[in-house]
């Protein structure tokens, strides 16, 4: 059954959502991501992206509570980890830095930073995990156009899909919230109140999960988005990777500049040729 795309409202996106509820939701998403590791299959792609970045740095957009990065860093070879990982979000969760091992080169921008307003860190690769579906097609094109002006690669990853299978999985989310909440650190009394006696967090997370699936782009839709004129300065790749034992694939969109930007300290190719001559 082919399900059409619906641009419904995800509660977590809304500015009126109380901060405690947003924190409870993003903390749960970070916990379930850490335990299920849905993006492990994408680790080789991320490693290659970092190697292509001129300064080997990464700016992550729509980071929430850190997304998959705490576990993803452990999956990367030591020589393929970013020289610096910068997290950013329209609703920053700086407390998410506690999820990273001591000594990790990571920082969180404290200033609220919507994805399309992210400062251009020259030479830093950019990533978006589990958030690209928030943007309708026109806004998605604008976002990609705004984030590809740095001359560095960008990669979008989604672990949801628009299918009956994915929607069925989301219906089980409340049980998962109830099961994992006691494991989330630090423990907070408000998290327990909003999960058990007043089960608003399980219901909101389930709703947002269903909407995420209905908003998700299929590979052919991503190809159509990337084929617009304003994105012609990049070379785009769309695909899916699937790890055995996981119910859903990871869909990705990668953009690489047509003209390669020199690494920090590297002599540009055209200049190097001139000097040798």
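Descriptive notes on the structure:
- Which listed residue is under 30 Å from residue 245 (Cβ atoms), under 16 Å from the mean Cα position of the chain (by Cα) and surrounded by fewer than 15 Cβ atoms within 10 Å (Cβ to Cβ), from 101, 44, 114: 44
- The condition (being within 26 Å of residue 96 (Cα to Cα), out of contact with any strand residue (DSSP E or B) (no Cβ under 7 Å at 6 or more places or on another chain) and free of Cβ contacts under 8 Å to residues at least 24 places away in the same chain) is satisfied by just one residue among 189, 178: 189.
- Output for the range 146-166, where each listed residue is closer than 30 Å to residue 55 by Cβ and part of a loop (DSSP other than H, G, I, E, B): 148, 149, 150, 151, 152, 153, 159
- Number of positions in the range 214-226 that are surrounded by fewer than 15 Cβ atoms within 10 Å (Cβ to Cβ) and touching a helix residue (DSSP H, G or I) at 6+ places or on another chain (Cβ under 8 Å): 0
- Single match in 211, 177 (criterion: assigned to a helix (DSSP H, G or I), buried (at least 20 other Cβ atoms within 10 Å of the Cβ) and out of contact with any helix residue (DSSP H, G or I) (no Cβ under 7 Å at 6 or more places or on another chain)): 211
- Just one of the listed residues (30, 24, 34, 42) is in a helix (DSSP H, G or I) and more than 20 Å from residue 206 (Cβ to Cβ), and it is 42.
- Flag for residue 71 being closer than 30 Å to residue 24 by Cα, in contact with a helix residue (DSSP H, G or I) (Cβ under 9 Å, 6 or more places away or on another chain) and crowded, with 24+ Cβ neighbours inside 10 Å: no
Each row is one residue, and each column tells you yes or no for (1) farther than 20 Å from residue 29 by Cα; (2) touching a strand residue (DSSP E or B) at 6+ places or on another chain (Cβ under 7 Å).
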| position | (1), (2) |
| --- | --- |
| 119 | yes, no |
| 125 | yes, yes |
| 150 | yes, no |
| 154 | yes, yes |
| 174 | no, no |
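- Top-ranked residue in the range 137-154 [being more than 13 Å from residue 235 (Cα to Cα), at pLDDT 90 or above and under 16 Å from the mean Cα position of the chain (by Cα); ranked as surrounded by the fewest Cβ atoms within 10 Å (Cβ to Cβ)]: 140
- Taking each residue of the range 147-167 that is farther than 17 Å from residue 33 by Cβ and looking for partners that are modelled with pLDDT under 90 and in a helix (DSSP H, G or I) with beta-carbon atoms closer than 8 Å, six or more apart or interchain, yields 147/115; 147/116; 154/147.
- Failed condition for residue 91, given (1) closer than 20 Å to residue 54 by Cβ; (2) over 14 Å from the mean Cα position of the chain (by Cα); (3) buried (at least 17 other Cβ atoms within 10 Å of the Cβ): (1)
- Of all the listed residues (194, 222), the sole one being modelled with pLDDT of 95 or more and within 19 Å of residue 173 (Cβ to Cβ) is 194.
- Residue in the range 227-251 that is surrounded by the most Cβ atoms within 10 Å (Cβ to Cβ), counting only those that are over 19 Å from residue 160 (Cα atoms) and in contact with a helix residue (DSSP H, G or I) (Cβ under 7 Å, 6 or more places away or on another chain): 236
The values are calculated or read from the model by the stated rules, or taken from the named source; none is laboratory data. Keep in mind the model is a prediction, meaning the values are calculated, not measured. Every residue, glycine as well, gets a Cβ built from its backbone with ideal geometry; the counts of neighbours run over all protein chains shown.
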